[in-house]
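Visitor: Could you have a look at this structure, given as structure tokens, before my questions?
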Amino acid sequence: MTTPAIGYLGLGSNVGDRREQLQAAVDLLPSHGVRVLASSSTYDTDPVGEVPDQPAFLNACVRIATGLSPEALLDACKAVERARGRETDPTHPGYVRHGPRPVDVDLLLLGDREHRSERLTLPHEQVAQRRFVLIPLLELDLDLATPDGTRLADRLAVLCLEEGVRRAGRPLRVAGPAG
């Protein structure tokens, strides 16, 4: 059996009851081979990217443990998104990249693994570039670094403050250890 790796997922929602969407994603992850160990607080964040004219997001990060490979973990994240009503097929007429969505589950870091495929890059390409990722991520572990040694706290310190990130609420509920 593979020793579980510690990883981090970024969660976001700007459709419906945003906190409920994030909580439902956390609750679904264990059924896909992902144990959620801890959650950051939740943060209201301004939309960034290709579709800025949309409702604000609620974001959080979670620390996980899993024996899944990076590609299998990505499949688990996409399955949770689909279960919560997100269209994940870019060829579907309802799909809008970076548009409003019930839930987004992004694989940010998985141990010290680097991985690159057509579907996935680890660490996540924007993990060191977005305040809405770094603030909740560093709440979970202020000493986090990418596999190449880049300290994420150092990256946050040099980012522009224009990207609005405001603490919104307590951490999401995390199930206790299996008994």
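Visitor: Quick check on my filter: what residues within the range 120-138 are open to solvent by 20 Å² or more (accessible area, probe 1.4 Å) and either in a helix (DSSP H, G or I) or polar (S, T, N, Q) (or both)?
Guide: T121, Q126, Q129, R131, F132, I135
Visitor: Run L152 past the list (1) open to solvent by less than 50 Å² (accessible area, probe 1.4 Å); (2) in contact with a Gly (Cβ under 9 Å, 6 or more places away or on another chain); (3) at pLDDT 95 or above and report the number of the one that doesn't hold.
Guide: L152 satisfies all of (1) open to solvent by less than 50 Å² (accessible area, probe 1.4 Å); (2) in contact with a Gly (Cβ under 9 Å, 6 or more places away or on another chain); (3) at pLDDT 95 or above except (2).
Visitor: Which residues, taken from the range 39-67, are in a loop (DSSP other than H, G, I, E, B) and either open to solvent by 40 Å² or more (accessible area, probe 1.4 Å) or not hydroxyl-bearing (S, T, Y) (or both)?
Guide: D46, P47, V48, G49, E50, V51, P52, D53, Q54, P55, A56, G67
Visitor: Let me ask something else about it. Of all residues in the range 1-38, which are surrounded by 23 or more Cβ atoms within 10 Å (Cβ to Cβ) and hydroxyl-bearing (S, T, Y)?
Guide: Y8, S13 - these are the residues of the range 1-38 that are surrounded by 23 or more Cβ atoms within 10 Å (Cβ to Cβ) and hydroxyl-bearing (S, T, Y).
The values are calculated or read from the model by the stated rules, or taken from the named source; none is laboratory data. Only a predicted model underlies this, so the values are computations on that prediction, with no experimental measurement involved. Note: ideal-geometry Cβ built from the backbone for every residue, glycine included; neighbour counts use all protein chains shown. The protein model used for the area step is the full one, side chains on, heavy atoms only, and it has no ligands, DNA or RNA in it. Shrake-Rupley method; radii C 1.70, N 1.55, O 1.52, S 1.80 Å.
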